[in-house]
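Okay, so here's the structure we're looking at.
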Amino acid sequence: MSEIAIHPKLERRPSAFTQAEIGWAPWLAPLVEEDLTGRHWAGLVDPSRAKSAYFMLLVRDPEILEARTKTDKDIFHNTAAGLPRADRELSATAASRVNGCIFCASVHSRFASHYSKRTSDVQRLLDEGTDTDLGSRRWNAIVEASVALTATPSAFNEGEIARLRSEGLNDLEISDVIHGAAFFNWANRLMLSLGEPTPAAEA
Amino acid sequence: MTASTPDVIDLLAGIGAGSFVDRIRAERPETRLNAQKSYLALFEPIQEGGILRMERLAVAAFVAGLHDASAAAEFYSAGIIETMGGASLAAAVRAEVEKGRTHGPYGKYPAAPLSVGDKSGLVFEVSDFGRVALGGKLSAALEHSHLLVFRPREASPAALQKLLDAGWSTTAIVTLSQIVSFLAFQIRVVTGLAALSKAGAGTLASAAAE
C-alpha cells in the first residue's frame, strides 16, 4: 500500500504574481517536531525552521537540506565586495517569474522592493513579465541575464557577461548574479513540486 | 575518499587553480564549500535511504542530458558506467534523453489571469523499451524529472501520487526532488562561470592582478 499525496483544500488559491505575504502548503507529509533527531536539527540549521512545513518536509533528507541552506544564505546574504542585496533579490525574482513560482516570486519581489525602494518597478516585473522595462539599464541587464540562465537548455553566454560589464558590474558581482539566478532554479523546483501557494491571511 | 573528491563545479566548468574565476570563487568560500557538500550529500550519501546510488546517478545523467550540459552528462554517466552492468543503464538513459530533449520552461498556470502565459510543450513518457531497461520505479523518476526540468509550474499532487504508486516513499521523493533541483542549480553555475571564464577577466580581476 503506497502513501497518499495530500490535496490541500484551499479557497482562493493565489492565481497571480504578488508581493503580498502568501503561504505555502505541502503535498507530502512533513515531519513533526517529536520525530526530529539531532541529525534533523542539524539539517534545519536554524531551529526556528521547525515552524515551517516546507523545511519540515525537506528535513526528511537532512544532509542535503543543511548544505542547501548554507549555500542559500551565503548567496543571498554575503555581499562582501559584491552585488547589493536588492540586485540579488531581483535575480531571484526574475528566475521565479520565468519558472512560474508564485510563492518564491512573492517572497523575493518583496525583498527586492524592500532593499531597492523600487516597489512599482518590481511590481511591473511581476505583472508584465521579464521583458518589461524596469526603468534602469542595470536592472534590465540583470533580469535579462537571469532569464537567459533560467532557460533550459541555458541561453546564457558571453553576450550576457558583456552586457553586465557595460552596466558596470565587476566579475564578482557577475558571479553573484549567476549564483542568485541559478539558486532559484533549485528553490523554484522544490517549492513548485512539493506543494502550492496559499492565500495571504485576511487583513 | 571525500577529501580527494574534486570540486565538481570547478571540474565541469574547467576552472583551473589560480585562474581569475578560481579567485572569484575564493571570495565566496561558503558558497563553494556548500555547493560541493550538496553534491556529496546527494551522490555520496551517508544513508542511501529509499534511493540507490545508481538511481541517483541515472536521474542526474538524464537531467544533465536534458540541459544539453555535456560535461555534466558525461560526468554522471561515467559514474553509472563504473558500476557493474552500468553501461546498458547509461545507454538506456541516453536514449531517453534523445527522446526528451526540448526547450523550457513551459506549462500551464493554475488559473486565470496567468493563463495568458500558458505555453504548451512536450509531456514526456519513457519509451516501452526504456521502461523494460529501467524498470517501473526509475521510469517514473525520469518522467517526474522531465516535468521538473521543463514545466515545473505544472507539478501537482497527482504527479507525486504517480511516484508513490511506483514505489517511491515520501522521504525518497524529497531526495529525488533535491537531486533534480540541485542539478538545475549546479549546471547553471557551471554554464555561467564557464561563460565568464571564456569572456576573460574583467575589472575586478585585472585590477587585482596589476
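Shown is the FRET efficiency for A:HIS114 and B:VAL132, computed with R0 = 56 Å from the Cβ-Cβ distance and rounded to the nearest 0.05: 0.55. Dipole check for the protein assembly as shown: with +1 at the C-beta of Lys and Arg, -1 at the C-beta of Asp and Glu, and the Cα centre as origin, the magnitude is about 380 Debye.
Quick check: from the Cα gyration tensor, does the protein assembly as shown come out rounded (a/c under 1.5), prolate or oblate? Judged from the Cα gyration tensor, the protein assembly as shown comes out rounded (a/c under 1.5).
Springs between Cα atoms under 10 Å define the GNM used for chain A, and in it the highest mean-square fluctuation of A:HIS40, A:HIS108, A:HIS179 occurs at A:HIS40. Taking a ≥ b ≥ c as the square roots of the eigenvalues of the Cα gyration tensor, chain A is classed as prolate, since a/c reaches at least 1.5 and a/b is larger than b/c.
May I ask for the longest run of chain A untouched by GluC sites (Glu not before Pro) that are loop-located per DSSP and have at most 11 neighbouring C-beta atoms (other than their own) within 10 Å? For GluC sites (Glu not before Pro) (loop position, at most 11 other Cβ atoms within 10 Å), the longest site-free span of chain A is A:22-201.
Listing B:LEU11, A:LEU126 from fewest to most neighbouring C-beta atoms within 10 Å gives B:LEU11, A:LEU126.
Model label sites at A:GLU34 and B:SER88, defined 7 Å from Cα along the beta-carbon direction, differ in position by 4.8 nm. By the beta-carbon count within 10 Å of each Cβ, the least crowded to most crowded order of A:MET191, B:MET54, A:MET56, fewest first, is B:MET54, A:MET56, A:MET191.
Cα-Cα over 28 Å: which of A:LYS51/B:LYS37; A:LYS9/A:LYS73; A:LYS9/A:LYS70; B:LYS37/B:LYS108? Where the Cα-Cα span goes over 28 Å, the pairs concerned are A:LYS9/A:LYS73; A:LYS9/A:LYS70; B:LYS37/B:LYS108.
Between B:GLY167, B:GLY107, B:GLY200, the GNM of chain B built on Cα springs shorter than 10 angstrom shows B:GLY200 fluctuating the most.
Averaging 1/r over each pair of different alpha-carbon atoms in chain B and inverting the result gives 18.5 Å, the Kirkwood hydrodynamic radius.
Hey, in the GNM for chain A with a 10 angstrom Cα cutoff, which one of A:ALA20, A:ALA187, A:ALA92 fluctuates hardest? Comparing A:ALA20, A:ALA187, A:ALA92 in a Gaussian network model of chain A, the most mobile one is A:ALA20.
Could you list A:LYS51, B:LYS137 in order of exposure, starting from the residue whose Cβ has the fewest other Cβ atoms within 10 Å?
On the way: A:LYS51 10, B:LYS137 16.
Sorted ascending by nearby Cβ count, the order is A:LYS51, B:LYS137.
The stretch B:80-124 has equivalent-ellipsoid semi-axes of 36, 10, 6 Å, by the square roots of 5 times the alpha carbon gyration tensor eigenvalues, sorted largest first.
Read-outs throughout are calculated quantities, based only on the coordinates presented, and are distinct from any laboratory measurement. If you're wondering where the values come from, they're calculated on a predicted model, not measured in any experiment. Virtual Cβ from ideal backbone geometry, glycine too; neighbours counted across all protein chains shown.
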